[in-house]
Amino acid sequence: MPGIVVVGAQWGDEGKGKVVDLLSERADVIARYQGGNNAGHTVKFGDRAFALHLVPSGIFWPGKLSVLGSGVVVDPEAMLQEIDDLRKAGVAIGDNLKVSDECNIVMPYHKAFDKLREHLRGAGKIGTTGRGIGPAYEDKMARRGLRFGDFQPGFAGVLKDRLREILEEKNVLLKAHFRSEEPLFDVNQIFDHLSSVMERCKPFLADTTQLLNDQLDKNKTVLFEGAQGTHLDVDHGTYPFVTSSNTTAGGACTGCGVGPTRITRVIGIVKAYTTRVGEGYFATEQKDNDIYRTLQGRGQEVGVTTGRVRRCGWFDAMVVRESVRVNGMSAMAIMKLDVLDTLPTVRIGVGYKDTQGRMYDHVPHWMGQLGGIEPVYEDMPGWQESTVGVTELKKLPKRARAYLDRMEELCGAPISIVSTGPRREETIMIRPLV
């Protein structure tokens, strides 16, 4: 049975939550492998809708195991609040949720520094959510992070000494570098509060690396759920306007502790147009025109986590083709096709041209920082018929099918799923994935 990675193919917000929820019906384990509560997944079925930030999207299926792998940085209070909210909504959470004891903890000073740094950047801001994710990963890589597993009986004194050393540096930065008027971080206050919070987290903690490998050894199907999108990857995205983790399929191995030979399939989630939240270059973006208003309005393009209105534009085939290559995608799921239903013409970005007139058939690695690229478009006739709720490929308008065919041709991967609405039921399954 397969280990399947579900990854965003653009800049996030593609609709991964819906696809993971769909595939979870036939999976055994759903494991999140990177990011933190800076990500947001929306799951809708029937007349119910849920916004998730840390808990994997498979939590709504009875009998499935949901896992947060060691590559995730976790704000324990945010996680507990999300669990409480789900329980109040009638979602059962107990032994069906496991959190790696190797997860690094998002600390109060991470959130403070995240906001202070964005303020100092001014016009050069990255567009962070301010939830401390970047600073938490920074401390993880610098080997000064705290992990869930550090809170062991009998080690309170050692852990408190470590926290005291960390806070000495943080307090110097707070005053000398950021010139903040906020009070210094207090070791006793932070330690006592965190210790209390960790007591509530302990029932969920586990050696998830062993757990996931055991499940794969037993021929169980594991879905590895990514957050954000390929072009926000810290190595392969539009740097420096990226997140602080590896959002690409390879991150599933490092973030969950499974070998690459365990991965048998990679599914790329692709929005039928393009959106982006935060700063950074976006070649096919439409600004303050009828196309933008149609995409933003019909697509309800507002960030699940930030509440910010998303930037919107035409489908950029170069961005997705790069994602197919970087992730080794075996299939694509096309989301929000119905948003394009009213448009008389649908454009696809098929290449780029720089200020010297040079043509590119790929994403230049300097584009994220320097820009200076204009898209080259191919126009296709719109279908101007409703596709909302269609569940069979043959019932789609011919021009909509032609658009999908062209996406396959340009991106180099087959389409296995087409979403025609936000709910679980509004889906065309072309090829089985699980």
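Quick notes on this one:
- Note: relative contact order over the chain, using C-alpha pairs below 8 Å and six or more positions apart, is 21 percent.
- The angle between the Cα long axis of helix 317-327 and the main principal axis of the chain comes to about 50°, on a 0 to 90 degree scale.
- Ordering Ser323, Ser330 by accessible surface, largest first, gives Ser330, Ser323; the 1.4 Å probe counts only protein heavy atoms, with every chain in place.
- Under 19 Å from the Cα of Lys202 - lysines, other chains or at least 8 residues apart: Lys98, Lys160
- A cut-off of 5 Å between modelled amide H atoms, ignoring neighbours fewer than 5 places along the same chain, links Lys98 with Ser66, Val67, Leu68.
- Degrees, to the nearest 10: 398-411 long Cα axis against longest axis of the chain: 60 degrees
- Angle in degrees between helix 187-201 and the longest Cα principal axis of the chain, rounded to the nearest 10: 60 degrees
- GNM top mover of Pro153, Pro240, Pro260 - the chain, alpha-carbon springs below 10 Å: Pro153
- Residues Glu374 and Lys394, FRET efficiency given R0 of 56 Å [Cβ-Cβ distance, rounded to 0.05]: 0.90
- Integer Hz, Karplus 6.51/-1.76/1.60 couplings in order for segment 55-65, x for Gly and Pro: 5, x, 5, x, 5, 7, 9, x, x, 9, 9
- Eligible lysines near Lys140 by straight Cα distance, threshold 16 Å, same-chain separation 8 or greater: Lys111, Lys170
- Note on segment 282-312 and segment 382-434: Cα centroid distance 21 Å, given to the nearest whole angstrom.
- [x] 28.3; [y] 22.4; [z] 21.2, with the label sought being that of the calculated mean projected area of the Cα convex hull in nm²: [z]
- Ranking of Arg117, Arg48 by solvent-accessible surface, largest first: Arg48, Arg117 (1.4 Å probe, protein heavy atoms only, all chains present).
- Sequence-distant residues sharing a close amide H with Phe224 (under 5 Å, placed H): Ile4, Val5, Val6, Ala31
- Near Pro2: Cβ cut-off under 12 Å, other residues only, Lys/Arg at +1 and Asp/Glu at -1. The net charge is +3.
- Fully extending the segment from Val309 to Asp186 would add 40.6 nm, taking 0.36 nm per residue of separation and subtracting the current Cα-Cα distance.
- Put a plus charge on the Cβ of each Lys and Arg, a minus charge on the Cβ of each Asp and Glu, and nothing anywhere else: the dipole of the chain about its Cα centre is then about 480 debye.
- Solvent exposure ordering (accessible area, 1.4 Å, most first) of Tyr137, Tyr377: Tyr377, Tyr137
- Summing Cβ point charges (Lys, Arg +1; Asp, Glu -1) relative to the Cα centre of segment 49-168 gives a dipole of roughly 260 debye.
- Estimated vicinal HN-Hα couplings, Hz - segment 135-149 in sequence order (Karplus 6.51, -1.76, 1.60; Gly, Pro = x): x, 5, 5, 4, 5, 4, 5, 7, 6, 10, x, 10, 10, 4, x
- Rounded to the nearest 10 square angstrom, His177 shows an accessible area of 100 square angstrom against a 1.4 Å probe.
- Centre-to-centre, using Cα atoms only, segment 134-157 and segment 30-72 are separated by 24 Å.
- Relative contact order, whole percent, for segment 25-141 stands at 24, derived from Cα pairs under 8 Å and 6 or more residues apart.
- Counting only aspartates and glutamates at least 8 places from Lys44 when in the same chain, those with an alpha carbon closer than 18 Å to its own are Asp13, Glu14, Asp21, Glu25, Glu82, Asp85, Glu225, Glu301, Asp338, Glu425, Glu426.
- Modelled label reach - Asp84, point 7 Å along Cα→Cβ, segment 131-166 residues with backbone N closer than 19 Å: none
- Accessible area (Å², 1.4 Å probe, nearest 10) - Trp61: 50 Å²
- Distance (nanometres) between label positions extended 7 Å along Cα→Cβ at Thr261 and Val158: 3.5 nm
- Extension gain (nm, one decimal) between Ala142 and Lys220, 0.36 nm per residue minus Cα-Cα: 24.5 nm
- Counting only protein heavy atoms and using a 1.4 Å probe, the accessible area of Lys353 comes to about 90 Å².
The values are calculated or read from the model by the stated rules, or taken from the named source; none is laboratory data. Here the structure is a predicted model, which is why all the values come from computation and not from measurement. Note: ideal-geometry Cβ built from the backbone for every residue, glycine included; neighbour counts use all protein chains shown. All accessible areas refer to the heavy atoms of the entire protein, side chains included, with ligands and DNA or RNA removed. Shrake-Rupley method; radii C 1.70, N 1.55, O 1.52, S 1.80 Å.
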